[in-house]
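First up is the structure itself, then whatever we jot down about it.
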Amino acid sequence: MEILDLPFMQRALLAAFLVGITAPAIGIYLVQRRQALMGDGIGHVALTGVGLGFLLNTSPVWVATAVCVLGAVVMELIRSYGKARGDIALAMLFYGGMAGGVMLMSLSSTGSSANLTTYLFGSITTVSQQDIVAICILAAFVVLTTIGLRRQLFAICQDEEFARVTGLPVRLLNLLVAVTAAVTVTVAMRVVGLLLVSALMVIPVAASQQIARSFATTFAMAVAVGVLVTLSGTVTSYYVDVPSGATIVLMAIGVFIALTAVATPLARRRADRTAEAERCTLRPEADVQV
Amino acid sequence: MEQPVISLRGATASLGSRPVLRGVDLAVQRGEVVALLGANGSGKSTAVRAVVGQVPLTGGELELFGTPQRRFRDWARVGYVPQRTTAASGVPATVREVVAAGRLARTKLGPTRKADREAVVRALELVGMADRLKDSVNALSGGQHQRVLIARALAGEPELLIMDEPMAGVDLANQAVLAEALRTQVARGATVLLVLHELGPLEPLIDRAVVLRDGCVVHDGAPPQAVGQHALPGHDHVHPHADPAAEPIRTGLLS
Ligand SMILES: Nc1ncnc2c1ncn2[C@@H]1O[C@H](COP(=O)(O)OP(=O)(O)OP(=O)(O)O)[C@@H](O)[C@H]1O
Ligand SMILES: [Mg+2]
């Protein structure tokens with residue numbers, strides 16, 4: 001395959017692979033906590049980081065990471081001290097982040113609207129050697145957190161009050177989820193773009209939920225779906241010359257639809273099998289207890 | 001006398017701007033089974049949540065195992081069943097996975113060992129749900145759900161069980177199963193504080209009843225003898241001819 005001989009495609013595929021793992025791995029906890037759109041919020045805030053990076057002439061990845069982490073921590077604090085106007089505060093943060101990014105980008109000499117589009121919608125083939133080093137380090141952090149602490153994160157996202165009573169450091173773990181989500185956004189921004197990051201956190205999870213019955217299976221399948229769509233999306237975008245981010249997200253939606261179509265007959269077959277195993281029998285002699 | 005396991009003295013707490021506990025005294029001794037009774041909205045859940053540190057007290061004192069609650073860290077000794085929360089969330093999870101969360105009180109951030117996995121199975125056997133280990137919690141009925149939440153609290157093998165309406169939605173046969181499970185816990189030295197609306201099959205186990213009304217203790221002593229609609233002081237009166245002086249007007253529909 002000639003595609004593997006091209007250094008820029010090697011980097012693109014490696015980045016895609018890492019995004020395919022990390023985005024669903026943290027996304028599953030956000031979906032579990034019904035915070036599926038948090039990734040979207042962080043994506044908006046990240047734009048300010050990218051703009052700042054251009055303005056300061058440093059690597060946008062690291063500056064965006066710092067700004068995202070800050071934004072995510074603020075979002076988590078708003079959530080946990082959740083007062084009535086929390087949603088308004090979040091809206092301020094999202095749109096402020098977006099507007100700030102556009103503003104900073106236009107102020108910098110190197111940033112242009114073409115550059116802006118690259119970060120908004122992803123441009124996987126322009127991933128540099130520097131970027132890939134950053135992506136690898138950040139992805140390692142995400143994988144270690146989401147897999148190493150899966151039981152603890154499962155517990156806090158399932159039932160936070162109960163988790164607090166078990167004595168887990170819940171506040172710290174919540175912040176860790178927020179920081180990990182922020183880091184994932186910057187890992188994924190070159191591949192799918194800030195506006196589509198959240199899709200990759202949510203859709204593979206939603207897809208695997210259609211057939212999985214346990215958290216562990218949902219997790220494994222979501223990561224498998226993530227890797228499948230990011231790799232095949234990247235390859236497709238190389239051959240057909242279409243934007244990688246959009247290709248990947250559309251493929252993920254395709255997988256979701258396919259799995260949903262499979263799920264219904266599967267559930268029916270399962271039900272039929274149980275029904276056959278134990279038909280109701282009327283037993284007048286049986287001890288009826290209420 | 002020995003240190004009480006739970007000691008609440010003059011506890012006050014507010015939710016929003018509303019005073020919900022107005023000077024509650026409650027002491028539970030080691031090995032005791034204490035039922036907390038009272039009408040809807042009388043502050044039972046708030047009292048229990050204050051004990052497990054989920055509602056801050058605005059006044060009074062709270063000690064767990066002789067340690068001021070603020071400095072209490074030994075949460076593995078406490079098992080908690082919250083009221084009517086659902087074990088279902090945005091992502092599927094099996095009964096085993098949910099119950100295993102109760103074991104985190106012991107493993108904390110460390111790895112899970114064989115003993116932990118066995119404790120999870122044992123807890124599910126106690127509530128009669130061992131055959132549903134691999135089922136999704138989304139596929140359970142309300143009463144089965146409740147039993148899974150009880151198993152989750154039992155999985156940590158706690159010394160003190162705090163349960164908020166553990167029998168809600170559980171049929172009589174399974175209440176008897178749970179009563180048996182509780183008896184085993186008490187026999188091995190556990191202390192139990194549980195919120196109930198009816199004593200039901202638990203009656204023989206209960207040493208003492210504490211009745212709350214509008215955030216105050218109105219009875220602390222022997223459990224009410226006759227078990228029926230009208231037996232409990234301050235019990236919910238939902239029928240139209242209820243004595244209006246006994247309770248502020250409450251339809252019972254929303255609480
Ligand atoms: N989140 C809240 N904010 C404000 N007030 C609350 C809140 N939760 C409960 N309350 C009020 O506190 C009072 C006590 O509530 P609590 O949940 O402790 O009652 P309860 O005795 O457990 O009732 P039930 O039998 O219905 O479970 C109620 O009058 C209720 O209106
Ligand atoms: Mg209650």
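The values are calculated or read from the model by the stated rules, or taken from the named source; none is laboratory data. Every value quoted in this text rests on a predicted model; they were computed, and no experiment measured them. Glycine gets a Cβ as well: all are built from the backbone with ideal geometry, and neighbour counts include every protein chain shown. Remember, those area values only see protein heavy atoms, side chains included, never the ligands or the DNA or RNA. Shrake-Rupley method; radii C 1.70, N 1.55, O 1.52, S 1.80 Å.
Of a type outside the set (Val, Ile, Thr), facing chain A (nearest Cβ under 10 Å), at positive phi and away from ligand 2 (no atom under 16 Å from the Cβ), is that true of B:Gly53? Step through it out loud before you land on a result.
Working: of a type outside the set (Val, Ile, Thr): yes; facing chain A (nearest Cβ under 10 Å): yes; at positive phi: yes; away from ligand 2 (no atom under 16 Å from the Cβ): yes.
Spelling it out, B:Gly53 is indeed of a type outside the set (Val, Ile, Thr), facing chain A (nearest Cβ under 10 Å), at positive phi and away from ligand 2 (no atom under 16 Å from the Cβ).
Can you run down the residue pairs with Cβ atoms below 7 Å, 6 or more apart or on separate chains, where the first is in segment B:184-210 and within 14 Å of another protein chain (Cβ to nearest Cβ) and the partner is within 16 Å of ligand 1 (Cβ to nearest atom) and modelled with pLDDT under 95?
Correct list of pairs: B:Gly200/B:Met167.
Which condition does A:Ser106 not pass, out of (1) open to solvent by 20 Å² or more (accessible area, probe 1.4 Å); (2) touching a helix residue (DSSP H, G or I) at 6+ places or on another chain (Cβ under 6 Å); (3) free of Cβ contacts under 8 Å to residues at least 40 places away in the same chain, if it passes all the others?
Going through the list (1) open to solvent by 20 Å² or more (accessible area, probe 1.4 Å); (2) touching a helix residue (DSSP H, G or I) at 6+ places or on another chain (Cβ under 6 Å); (3) free of Cβ contacts under 8 Å to residues at least 40 places away in the same chain, A:Ser106 breaks only (2).
Suppose the filter is crowded, with 24+ Cβ neighbours inside 10 Å and free of Cβ contacts under 8 Å to residues at least 12 places away in the same chain; does A:Gly27 pass it?
No, not satisfied.
Please find, within segment A:31-44, the residue that is nearest to the other protein chains (Cβ to nearest Cβ) out of those that are over 17 Å from A:Phe121 (Cβ atoms) and of a type in the set (A, V, I, L, M, F, W, C).
Step by step, filter segment A:31-44, then rank; the result is A:Val31.
So, in segment B:72-81, how many residues would count as being of a type outside the set (A, V, I, L, M), away from ligand 1 (no atom under 16 Å from the Cβ) and either crowded, with 24+ Cβ neighbours inside 10 Å or away from every other protein chain (no Cβ under 13 Å) (or both)?
Qualifying residue count for the region: 1.
Given the criterion more than 13 Å from every other protein chain (Cβ to nearest Cβ) and within 28 Å of A:Arg34 (Cβ to Cβ), identify the matching residue among A:Val240, A:Val205, A:Val249.
A:Val249
Take the residues of segment B:130-144 that are closer than 30 Å to B:Ala50 by Cβ and surrounded by fewer than 24 Cβ atoms within 10 Å (Cβ to Cβ): which is nearest to ligand 2 (Cβ to nearest atom)? Reasoning before the result, please.
So the first thing to find is which residues in segment B:130-144 are closer than 30 Å to B:Ala50 by Cβ, and the list is B:137, B:140, B:142-144.
From the residues that got through so far, the ones that are surrounded by fewer than 24 Cβ atoms within 10 Å (Cβ to Cβ) too are B:140, B:142-144.
On the way: B:Leu140: 21, B:Gly142: 16, B:Gly143: 17, B:Gln144: 21 Å.
The residue in question is B:Gly142.
Quick one: is B:Ala151 crowded, with 24+ Cβ neighbours inside 10 Å, away from ligand 2 (no atom under 16 Å from the Cβ) and at pLDDT 95 or above?
Considered against the rule, which asks whether it is crowded, with 24+ Cβ neighbours inside 10 Å, away from ligand 2 (no atom under 16 Å from the Cβ) and at pLDDT 95 or above, B:Ala151 comes out as yes.
Out of the residues in segment A:130-188 meeting the condition of being polar (S, T, N, Q) and facing chain B (nearest Cβ under 9 Å), tell me which one is surrounded by the fewest Cβ atoms within 10 Å (Cβ to Cβ).
First pass over segment A:130-188, keeping only residues polar (S, T, N, Q): A:130, A:145-146, A:152, A:158, A:166, A:174, A:180, A:184, A:186.
Pick out the ones that are also facing chain B (nearest Cβ under 9 Å) and you get A:152, A:158, A:166.
On the way: A:Gln152: 23, A:Gln158: 26, A:Thr166: 27.
Among those that are polar (S, T, N, Q) and facing chain B (nearest Cβ under 9 Å), it is A:Gln152.
Under 6 Å between Cβ atoms, at least 6 apart or on separate chains: pull out the pairs that start in segment B:44-57 with a residue that is within 19 Å of B:Arg71 (Cα to Cα) and end on any residue that is assigned to a loop (DSSP other than H, G, I, E, B) and near ligand 1 (Cβ under 9 Å from one of its atoms).
If the second residue must be assigned to a loop (DSSP other than H, G, I, E, B) and near ligand 1 (Cβ under 9 Å from one of its atoms), the pairs left are B:Arg49/B:Val55.
Check segment B:108-123 and report whether any residue there is closer than 25 Å to B:Asp164 by Cβ, touching a Ser or Thr at 6+ places or on another chain (Cβ under 8 Å) and crowded, with 24+ Cβ neighbours inside 10 Å.
no
Inside segment A:208-230, can you point out the residues that are open to solvent by 10 Å² or more (accessible area, probe 1.4 Å) and more than 10 Å from chain B (Cβ to nearest Cβ)?
Listed by number, the residues that qualify are A:Ala220, A:Met221, A:Val223, A:Ala224, A:Val225, A:Val227, A:Leu228.
Within segment B:154-176, count every residue that is under 10 Å from the mean Cα position of the chain (by Cα) and of a type in the set (A, V, I, L, M, F, W, C).
Summing the residues that are under 10 Å from the mean Cα position of the chain (by Cα) and of a type in the set (A, V, I, L, M, F, W, C) in segment B:154-176 gives 4.
Can you give me the number of residues within segment B:16-50 that are away from ligand 2 (no atom under 12 Å from the Cβ) and either away from chain A (no Cβ under 14 Å) or open to solvent by less than 40 Å² (accessible area, probe 1.4 Å) (or both)?
Looking only at segment B:16-50, we keep the residues that are away from ligand 2 (no atom under 12 Å from the Cβ), and these are B:16-19, B:21-35, B:50.
From what is left, the residues that are either away from chain A (no Cβ under 14 Å) or open to solvent by less than 40 Å² (accessible area, probe 1.4 Å) (or both) are B:18-19, B:21-35, B:50.
Residues meeting the conditions: 18.
Of the residues B:Arg84, B:Arg96, which single one is open to solvent by 50 Å² or more (accessible area, probe 1.4 Å) and more than 10 Å from chain A (Cβ to nearest Cβ)? Steps first, answer last, please.
On the way: B:Arg96 fails: more than 10 Å from chain A (Cβ to nearest Cβ).
After ruling out the rest, the residue left standing is B:Arg84.
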